[in-house]
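In what follows, a single structure is set out as structure tokens and then discussed.
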Amino acid sequence: MATVPGSPDQAATIAEEARTASEAATREQRELTPTERAIAGVEASTPKEALTRTLAAEASAQGPGERGPMVINLGPQHPSTHGVLRLITELDGEVVRDVHPVIGYLHTGIEKQCENKTYWQAVTCVTRCDYLAPFFNIHAYNLAVEKLLGLEVPPRAEYIRVMMCELNRISSHLVWLGTSGLELGAMSVFFYAYREREQVLDLFEMVAGDRMNTRYFWPGGCAEDLPPEFERELRRLLDVLPSRIDEYEGLLSANPIWLERTKGVGVLPPDELINLGVTGPSLRAAGVDLDRRKLAPYSGYEHFDFQIPVGANGDSYDRYLMRIREMRESARILGQAIDGLPEGRHIADDRKVVLPPREELATSMEALIHHFKLVTEGFTVPEGEAYCAVESPRGELGCYVVSDGSPKPMRVHVRDPSFVNLQAVRPLTVGTYLADLIVTVGMLDPVMGGVDR
Amino acid sequence: MSEPVWVQIVKAIIIFFVVITVFAYLVLIERRTLGRFQARPGPNRAGPAGFWQPLADVIKLIFKEDFVPKTADRFIYTIAPVIAVAAAVTGIALIPFGDPITIGGTEIKLVGADIGVGLLLLFALSGIGFYGLILGGWASGSKYSTLGSARTAAQLVSYEVAMGLSVVGVIVLSQSLNLTEIVDAQRETVWYVLFQPVGFLIFLIAMVAEVNRAPFDLPEAEGELVAGYHTEYGGLKFAMFQTAEYINLLVVSALAATLFLGGFAGPWMSGVWWLALKMAVLIFGFIWLRATMPRLRYDQLMKFGWKVLLPIATLNLLVTIIVVGVAFQNS
């Protein structure tokens with residue numbers, strides 16, 4: 001993973017890996033694992049060479065009666081590739097012989113744009129990475145910036161952040177549930193899931209004024225305090241949510257067709273998933289208890305009582321089940337957070353970083369100066385670098401910020417779980433059916449905004 | 001005593017227009033019903049309760065560009081939807097919808113074409129209808145369409161067999177292949193669903209596969225094949241495939257009603273309404289299934305057809321033949 005993709009270095013590495021893998025397999029007289037098969041299957045070549053080989057294989061078998069593979073382009077415009085993922089798929093009948101994911105169709109240069117923005121303007125950029133989990137993007141970014149600044153976030157702000165993130169986890173999982181249900185032909189679940197998501201987005205709108213790409217978290221806390229009617233509306237949501245989740249489960253969890261479509265589909269052993277860097281529900285479904293909220297609690301997650309659902313088989317059904325259970329756990333966290341919401345300010349009181357309250361501007365000269373400096377120039381951040389990760393709905397979402405002491409970040413890098421999880425598509429799907437490929441990609445839940453950034 | 005030609009022509013025209021109207025509103029009813037299932041209103045903008053929606057859809061589709069892909073086989077591509085619709089509409093002509101009536105001394109049978117081997121012909125027509133789908137997918141010159149038509153062919157083979165076997169039980173009981181006579185035979189005894197519950201069940205499952213609807217909508221599995229065999233079709237040609245699909249839905253539900261639920265026979269109302277009522281119940285079941293069920297995978301569908309439905313259908317047929325044989329011997 002240290003080598004640059006497509007370089008001769010990497011080709012050599014893959015060739016070496018393939019050789020060792022097949023040698024090891026012959027020695028131990030065992031079947032090749034799916035990853036090894038995928039690597040060996042492309043004759044130890046770079047992704048580009050493998051793709052060339054795929055296309056050549058199709059072109060070579062054009063004569064009458066000749067049996068060659070069929071290459072089809074799933075995407076970038078296809079009903080079930082979650083946006084603009086393109087999968088060049090080599091098919092033998094309905095069996096997938098090879099998959100070449102092609103990304104970059106949604107590249108908007110978010111990371112680069114951040115370098116031209118002041119720290120608090122960059123919040124607006126990072127929120128648009130994984131557009132289904134905007135709060136997690138800004139949360140990771142803000143944690144990194146706060147770490148560089150050494151800024152303490154007041155407890156109320158932490159609680160509000162936790163609540164927003166857990167609401168966002170629910171809304172993101174609802175989109176996943178709806179769309180992957182639709183891909184499998186269960187169309188009603190889509191509408192039910194979106195009905196509840198609407199309620200969550202209404203809460204976002206109430207709090208942040210924006211339904212999706214909010215910039216509600218600022219370095220130091222949250223942009224504004226919660227509106228007074230928030231608690232009532234949140235409790236209304238929490239009252240109906242468990243029964244609504246039961247409704248989805250009633251439609252799917254024991255549905256024989258759903259079981260047949262997802263059980264045993266897209267399985268890799270946990271150690272291979274770890275080697276591929278897969279995190280989040282996809283990894284936990286395989287029985288690995290890895291969650292940033294428990295492993296390295298941030299923003300006061302240690303104060304909440306919640307479970308990390310862990311699966312056993314690591315198949316698509318378990319991935320489905322993990323996310324359903326996570327929604328229930330998120331609802332539990334939300335209940336505890338709203339019950340125990342501490343009093344106090346919603347944002348830190350450091351005037352060098354945080355905008356002064358609006359009402360002070362009319363009376364305090366100092367506040368006016370701070371306001372002017374912050375808005376025009378931004379705040380400076382001490383030289384250094386920081387990486388902070390949060391547990392997003394798709395896995396470990398980290399933000400790496402390098403500061404050169406100026407008001408603008410020198411480098412912002414987002415470790416997006418969708419991007420890393422996408423690596424697993426090939427080993428997970430080679431040798432399965434075309435329909436399973438759709439299920440597997442759906443259950444990995446990549447969001448292309450996060451992949452391409 | 002066959003009917004005069006003019007009667008047959010008038011009947012054909014009336015049946016055709018009634019069926020086309022019913023088809024148009026069937027689409028609307030399905031969309032509205034699905035909407036109710038899915039906590040949304042469904043199409044309700046064009047006219048009261050969306051009454052003009054079918055008309056709006058047709059006008060939109062007529063004005064679409066008549067597009068033929070460069071890689072397509074132009075002739076087959078154009079003729080395929082016609083085959084599909086023709087087979088479907090011909091199928092509806094074989095369904096009896098009432099007792100004969102007499103107008104001005106001419107006895108008119110309330111069936112498009114009263115043919116001795118009507119049931120066999122229906123199966124033949126549904127086979128021809130599938131050609132429209134297969135050829136259409138094949139001639140589009142697109143890979144998704146090709147996969148879709150390959151799936152159609154496979155599905156046809158797997159489910160026609162089970163469907164045919166499930167129907168043979170009815171033929172054995174009624175001693176006839178004529179649909180009107182099958183209805184009459186049920187009038188004398190009881191609905192055949194009581195004699196043939198297993199056969200009815202197999203027929204219901206197979207007919208869902210026959211009309212490519214969820215959970216057996218693999219030939220047009222949106223999640224994988226974009227739109228399957230009709231991916232490359234647009235405008236009126238697409239509308240024709242749509243028509244064929246919904247008229248097939250009408251045909252198979254009418255057939256199920258005729259074979260197992262006593263067809264048009266029933267007290268108090270005229271035959272047409274009884275048939276319509278029975279069909280409506282079956283079609284509601286179709287829509288319900290679509291709202292509830294995910295899609296099967298291709299190999300699972302094949303496995304189900306060959307390893308579950310076919311053996312049960314064969315067994316059912318064997319038992320029926322033995323029982324009927326013994327009963328006849330005693331009588």
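Could you work out the mean count of beta carbons from other protein chains within 10 Å of each residue's beta carbon in B:284-294?
Mean inter-chain Cβ contacts per residue within 10 Å come to 4.
For peptide A:89-96, what's the mean number of Cβ atoms from other chains within 10 Å of each residue's Cβ?
Mean shielding by partner chains, rounded to a whole number: 2.
Between their Cα atoms, which of A:K112/A:K294; B:K237/B:K278; A:K147/A:K294; A:K112/A:K373; A:K263/B:K307 are more than 28 Å away from each other?
Pairs exceeding the cut-off: A:K112/A:K294; B:K237/B:K278.
Run a plain Debye calculation on the protein assembly as shown (Cα atoms as equal point scatterers, no solvent) and give log10 I(q)/I(0) at q = 0.10 Å⁻¹, rounded to two decimals, same order as the q list.
With one equal scatterer per Cα and no solvent, log10 I(q)/I(0) is -1.09.
Which angle between 0 and 90 degrees, to the nearest 10, do you get for helix B:53-62 versus the longest principal axis of chain B when only C-alpha atoms count?
60
Take peptide A:428-438, look around each residue's Cβ out to 10 angstrom, count Cβ atoms belonging to other protein chains, and average those counts.
3
From the convex hull of the Cα coordinates of region A:118-415, what is the mean projected area in square nanometres?
Mean shadow area of the hull around the Cα atoms is 15.5 nm².
Which translational diffusion coefficient, to the nearest whole µm²/s, is obtained for region A:213-252 from the Stokes-Einstein equation, given a Kirkwood hydrodynamic radius over C-alpha pairs, 25 °C and 0.890 mPa s?
193
Can you list the residues of region A:429-453 with backbone N under 12 Å from a point 7 Å past the Cα of A:T108, pointing along Cα to Cβ?
A:448-453
Computed over the Cα atoms, what is the radius of gyration of region B:5-330 divided by 2.2 N^0.38 Å, N being its residue count?
1.02
Dipole of chain B (Lys/Arg Cβ +1, Asp/Glu Cβ -1, origin at the Cα centre): which of B:G262, B:A239, B:L173 lies farthest to the positive side?
Farthest along the dipole direction, towards plus: B:A239.
Is there a quick way to get the dipole size of the protein assembly as shown? I mean about its Cα centre, with the Cβ of Lys and Arg at +1 and of Asp and Glu at -1; what is the value in debye to the nearest 20?
The calculation lands at about 1220 debye.
Would you list which aspartates and glutamates come within 13 Å of B:K109, measuring only between C-alpha atoms, while excluding same-chain residues fewer than 8 positions from it?
B:E3, B:D99, B:E181
For region A:272-401, compute Rg over Rh where Rg is the Cα radius of gyration and Rh is the Kirkwood radius from the inverse mean 1/r over Cα pairs.
A ratio of 1.14.
So who's got an amide H within less than 5 Å of the one on A:G280, skipping anything under 5 residues away but keeping other chains? H placed 1.01 Å off N, in plane.
A:E396
How would you order A:98-110, A:172-184 from highest to lowest mean count of nearby Cβ atoms within 10 Å?
Packing order, densest peptide first, comes out as A:172-184, A:98-110.
Note the angle between two axes, namely the Cα long axis of helix B:74-92 and the longest principal axis of the Cα atoms of chain B, as a number of degrees from 0 to 90, rounded to the nearest 10.
Value to nearest ten degrees: 30.
Counting only residues 5 or more places away or on other chains, whose amide H sits under 5 Å from the amide H of A:V102 once H atoms are built in the peptide plane?
A:R86, A:L87, A:I88
So which aspartates and glutamates can A:K408 reach, going by Cα to Cα under 19 Å and dropping same-chain residues fewer than 8 places off?
A:E111, A:E115, A:E146, A:D350, A:E377, A:E383, A:E385
For the peptides A:399-408, A:364-373, what is the packing order when you average, over each peptide's residues, the other Cβ atoms within 10 Å and list the highest mean first?
Highest-to-lowest ranking by the protection proxy: A:399-408, A:364-373.
Of the listed peptides B:70-78, B:208-216, what is their order by residue-averaged count of other C-beta atoms within 10 Å, with the highest listed first?
In decreasing order of mean packing, B:70-78, B:208-216 become B:208-216, B:70-78.
Give me the net charge for the shell around B:G50: Cβ to Cβ below 9 angstrom, other residues only, Lys and Arg +1, Asp and Glu -1.
Within the 9 Å Cβ shell, the charges total +3.
Going by alpha carbons, how many degrees (0 to 90, nearest 10) lie between the helix axis of B:5-37 and the longest principal axis of chain B?
60
Here, each number is a calculation from the coordinates, and none is a lab measurement. This structure is a prediction, so every number in the text was calculated from the model and none was measured. Virtual Cβ from ideal backbone geometry, glycine too; neighbours counted across all protein chains shown.
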